[in-house]
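One structure below.
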Amino acid sequence: MLLGRPPFETTNLKETYRCIREAKYSLPSSLLPPAKHLIASMLSKNPEDRPSLDDIVRHDFFLGFTPDRLPSSCCHTIPDFNLSSPAKNFFKKAAAALFGGKKEKARYLDTHNRLVKEDEEIYKLRHDLKKTSITQQALKHRPEEEIQPSSTTVAKPSVLAETKQIDAIRMIVRGTLGSCSSSSECLEDSTMGSVADTVARVLRGCLQNMPESDHIPKEQLAVSFQWVTKWVDYSNKYGFGYQLSDHTVGVLFNNGAHMSLLPDKKTVHYYAELGQCSVFSATDAPEQFISQVTVLKYFSHYMEENLMDGGDLPSVTDVRRPRLYLLQWLKSDKALMMLFNDGTFQVNFYHDHTKIIICNQNEEYLLTYINEDRLSTTFCLTTLLMSGCSLELKHRMEYALNMLLQRCN
């Protein structure tokens, strides 16, 4: 309460839990020694070293001076509790006016500016933490995803054709349909594994056999497919939300259930497991789903109002194709991976907002690359297999494959 934020709060949920276990935190210099001592004793790593309730009540922090009231000036400067007589105040002001008024004023302004700067820094920190707690994705003048980059370069894993060793990828958090994402284990059925294995096999075959090149193929296909235009990671409380290019909004909850709000904003599809779909109205949901529908609507409203699309691909819906829903999502320190029920595979890279999307249409695998300017290029994987691609795209394909292969590690 003294600082307006928890002592262990970080930009990463796992890091927060680690700090709690290790009793690792920092206290700002603005806190008085009694406050620091009380907080440090209450947060001792060893429970036996922590004070009892009686000890806390008798601590100097609570027994020290407490003002009956505070002036409004304390909102912008430190209050002065020193009692002084009118005569003393008069002589103090006179002396300041005659000998040191300018110095006193300068000292006051320096103190005031320092406090204002500290307040601004605290506000900025709180604001940043508030954003990253939901991995919120910026207002409409910002990108479609808010990220937590730890590097300014995209990792460049070794090509699997050249080495048997797969570069280790530091996974941060994941979610899987039909299992609890908070578990350290990755639970998936054989169908989900088959979907992932098929995509990995196709992508690996392309990387192993395509020739060297220094440019992206000029082929540009006019195709329509669904892809993720916006996303929000709120897995520290609810789950992972996303919006497809046809404006379907989906949430993969932390308990492993998936819920989709269709573009009409009236129909909800609920998946407890792969292939098991229940359909009901958003305004007349079964009682056990009311809370999840509320969260789903929250995600939908947030992404619609605050996020911009992540590319220039047209929004065309093919009613003959099955409804897309998320099987698994995974975040590393460099990218976000999403795998869908029909085999659509998308990887978003944080630092430059480039994206790779692989999908299957008419027995042909297509790869779409969205560059840092949000301009897209779509071509058949067979085209890459014959003509190769630039290192820029190849490195991203390699990293995407490694994420897919290591998704359960």
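Answer with yes or no whether LEU385 is among the hydrophobic types (A, V, I, L, M, F, W, C) and either part of a strand (DSSP E or B) or crowded, with 20+ Cβ neighbours inside 10 Å (or both).
Here the answer is no, as LEU385 does not meet what is asked.
Quick check: is even one residue across region 32-52 farther than 30 Å from LYS237 by Cβ and in contact with a Gly (Cβ under 9 Å, 6 or more places away or on another chain)?
Within region 32-52 (the criterion being farther than 30 Å from LYS237 by Cβ and in contact with a Gly (Cβ under 9 Å, 6 or more places away or on another chain)), the answer is yes, since at least one residue qualifies.
Any residue in region 354-366 that is buried (at least 22 other Cβ atoms within 10 Å of the Cβ), of a type in the set (Phe, Trp, Tyr) and modelled with pLDDT of 90 or more?
No, every residue in region 354-366 fails to be buried (at least 22 other Cβ atoms within 10 Å of the Cβ), of a type in the set (Phe, Trp, Tyr) and modelled with pLDDT of 90 or more.
Could you check region 273-310 and list, in sequence order, the residues that are touching a residue at least 12 places away in the same chain (Cβ under 8 Å) and assigned to a loop (DSSP other than H, G, I, E, B)?
Answer for region 273-310, where residues must be touching a residue at least 12 places away in the same chain (Cβ under 8 Å) and assigned to a loop (DSSP other than H, G, I, E, B): LEU274, GLY275, ALA282, THR283, ALA285, LEU307, MET308, ASP309, GLY310.
Please work out which residue is surrounded by the most Cβ atoms within 10 Å (Cβ to Cβ), limiting yourself to region 369-382 and to residues that are among the hydroxyl-bearing types (Ser, Thr, Tyr) and in contact (Cβ under 8 Å) with a residue 40 or more places away in the chain.
Out of the qualifying residues, it is TYR369.
I need a count of the residues in region 256-276 that are at pLDDT below 90 and on the phi < 0 side of the Ramachandran plot.
So the count comes out to 4.
With respect to ASP373, determine if the residue is in a loop (DSSP other than H, G, I, E, B), out of contact with any strand residue (DSSP E or B) (no Cβ under 9 Å at 6 or more places or on another chain) and either closer than 22 Å to GLY193 by Cβ or not basic (Lys, Arg) (or both).
Answer is yes for this residue.
In the list GLU219, GLU162, GLU188, which residue meets the criterion of being closer than 23 Å to CYS277 by Cβ and either modelled with pLDDT of 90 or more or part of a loop (DSSP other than H, G, I, E, B) (or both)?
The conditions single out GLU188.
Does PRO67 fit the bill of being over 28 Å from ASN236 (Cβ atoms) and free of Cβ contacts under 8 Å to residues at least 12 places away in the same chain?
Criteria not met by PRO67.
Can you name every residue in region 243-255 that is assigned to a strand (DSSP E or B) and within 18 Å of LEU274 (Cα to Cα)?
Across region 243-255, the qualifying residues are VAL249, GLY250, VAL251, LEU252, PHE253.
Take region 233-242 and flag every residue that is in a strand (DSSP E or B) and either in contact with a helix residue (DSSP H, G or I) (Cβ under 6 Å, 6 or more places away or on another chain) or not assigned by the TED database to the domain that holds THR344 (or both).
Scanning region 233-242 gives a single hit, GLY241.
Of the residues LEU13, LEU38, LEU3, LEU32, which is modelled with pLDDT under 80, of a type in the set (A, V, I, L, M, F, W, C), surrounded by 15 or more Cβ atoms within 10 Å (Cβ to Cβ) and assigned by the TED database to the domain that holds PHE62?
Selected residue: LEU13, the only one of LEU13, LEU38, LEU3, LEU32 that is modelled with pLDDT under 80, of a type in the set (A, V, I, L, M, F, W, C), surrounded by 15 or more Cβ atoms within 10 Å (Cβ to Cβ) and assigned by the TED database to the domain that holds PHE62.
The values are calculated or read from the model by the stated rules, or taken from the named source; none is laboratory data. Being a predicted model, the structure only gives us computed values, none of them experimental. Neighbour counts are summed over all protein chains in view; Cβ atoms, including those assigned to glycine, are modelled from backbone coordinates with ideal geometry.
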